[in-house]
Amino acid sequence: DTEVTQTPKHLVMGMTNKKSLKCEQHMGHRAMYWYKQKAKKPPELMFVYSYEKLSINESVPSRFSPECPNSSLLNLHLHALQPEDSALYLCASSQTTGGGQETQYFGPGTRLLVL
Amino acid sequence: AQTVTQSQPEMSVQEAETVTLSCTYDTSENNYYLFWYKQPPSRQMILVIRQEAYKQQNATENRFSVNFQKAAKSFSLKISDSQLGDTAMYFCAFMKHSSSGNTGKLIFGQGTTLQVKP
């Protein structure tokens with residue numbers, strides 16, 4: 001089973017709203033990732049968590065705040081977003097970030113529209 | 001820095017025929033992994049195939065196979081007996097091996113949109 005789930009599927013928010021995206025996996029993976037993807041473009045890495053600790057922040061603006069409450073759950077808190085932040089947000093997980101277990105499995109994504 | 005190049009933005013193929021998607025990459029690393037991911041119009045990114053650079057044998061998964069040429073830094077994907085469900089955007093991706101300080105970062109190409117025609 002290589003299932004990564006994401007909620008909600010769609011989200012519309014105003015620039016002053018606060019919302020959260022949720023990602024969950026029950027494969028025992030210890031690495032989780034957030035990506036942003038614009039239409040017809042490859043995913044862009046935002047954050048990497050390894051063993052519930054933030055290991056990579058790709059210089060993402062502070063209006064995006066990741067959280068990893070436990071090894072199965074990854075959240076992305078959104079606040080004061082801009083219209084250009086509208087995109088598909090993908091979550092992924094892998095067993096680890098090394099040791100031959102780096103293959104990432106992606107969730108279906110949350111399509112975000114910022115008005 | 002590593003880069004991945006997919007030189008074919010769009011391709012089409014007739015159902016049941018064979019198509020090859022090209023991918024080249026640039027790296028000074030010796031140990032790494034290469035991947036092909038498929039993203040159908042429903043948008044879920046799906047792993048198609050994975051290749052370890054230290055393995056000379058080309059990876060295969062049913063109708064999908066790769067031609068891995070390490071010296072040429074080429075990693076093409078061949079889809080045999082194309083099906084309508086193969087219509088998708090295909091991304092080639094590179095990842096350093098953990099011995100090279102990999103931190104889980106995937107480097108993606110720009111993607112190739114493949115349309116399978118009935």
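How much accessible area per residue does the range B:38-94 have, counting only protein heavy atoms and a probe of 1.4 Å, in square angstrom?
I get 48 Å² per residue for the range B:38-94.
Over the range A:1-113, what relative contact order in percent results from Cα pairs under 8 Å that are six or more residues apart?
Relative contact order here is 36 percent.
Using only the Cα atoms of chain A, each taken as one equal point scatterer with no solvent, compute I(q) by the Debye sum, divide by I(0), and report log10 of the ratio at q = 0.11, 0.24 Å⁻¹.
Per q value, in the given order, log10 I(q)/I(0) is -0.32, -1.46.
Go through the range B:59-69 residue by residue and turn each phi into a ³J(HN,Hα) via Karplus (6.51, -1.76, 1.60, θ = phi - 60°); whole Hz please, and just put x for glycine and proline.
6, 9, 9, 6, 7, 9, 9, 10, 10, 9, 10
How many square angstrom of accessible surface are buried between B and A, both sides summed, with a 1.4 Å probe and rounding to 100?
In total, this chain pair buries about 1900 Å².
Roughly how far apart, in whole Å, are the Cα centres of the range B:23-54 and the range A:28-53?
Centre-to-centre (Cα) distance: 15 Å.
In Å², and per residue, what accessible area does the range A:11-115 have when probed at 1.4 Å with the other protein chains present?
For the range A:11-115, the solvent-accessible area averages 43 Å² per residue.
In nanometres, what is the gap between the two model label sites at residue A:59 and residue B:18, each 7 Å from Cα along Cα-to-Cβ?
Using points 7 Å along Cα→Cβ, the separation is 4.4 nm.
Once the convex hull of the alpha carbons of the range B:1-105 is built, what does its volume come to per residue, in cubic angstrom?
Output value, Cα hull per residue: 103 Å³.
Relative to the isolated chain, which residues of the range A:22-59 have their accessible area cut by 50 Å² or more in the presence of all protein chains (1.4 Å probe, heavy atoms, no ligands or nucleic acids)?
Checking the loss per residue gives A:40, A:42.
List the lysines whose alpha-carbon lies under 24 Å from that of residue B:105, not counting same-chain residues fewer than 8 positions away?
Excluding near neighbours in sequence, the set is A:22, A:36, A:38, A:40, A:41, A:53, B:38, B:55, B:70, B:73, B:96.
With all protein chains present, how much of the accessible area of the range A:16-111 (probe radius 1.4 Å) comes from carbon and sulfur, to the nearest whole percent?
In the range A:16-111, the share of accessible area belonging to carbon and sulfur is 45 percent.
Dipole size in debye (nearest 20) for the protein assembly as shown around its Cα centre, Lys and Arg Cβ +1, Asp and Glu Cβ -1?
Here the protein assembly as shown has a charge dipole of around 360 debye.
Please identify every one of the chymotrypsin sites (Phe, Trp or Tyr not before Pro) in the range B:31-70 that sits in a loop by DSSP and has no more than 12 other beta carbons within 10 Å of its own beta carbon.
B:54
Below 8 Å between Cα atoms, with a sequence gap of 6+, how large is the relative contact order for chain B in percent?
38 percent
Could you sort the residues of the range B:27-58 by number and keep only those whose accessible area is reduced by 10 Å² or more in the all-protein-chain setting relative to the chain alone, 1.4 Å probe?
B:33, B:35, B:37, B:39, B:43, B:44, B:45, B:47, B:50
Return the carbon/sulfur percentage of the accessible area of the range B:24-118, one whole number, probe 1.4 Å, all protein chains in place.
Answer for the range B:24-118: carbon and sulfur cover 45 percent of the accessible area.
The values are calculated or read from the model by the stated rules, or taken from the named source; none is laboratory data. Remember, predicted model here, so these are calculated numbers, not experimental data. Ideal geometry is used to build each Cβ from the backbone, glycine not excepted, and the neighbour counts take in all protein chains shown. Each accessible area value is taken on the protein alone, full model and side chains, heavy atoms only, with ligands, DNA and RNA left out. Shrake-Rupley method; radii C 1.70, N 1.55, O 1.52, S 1.80 Å.
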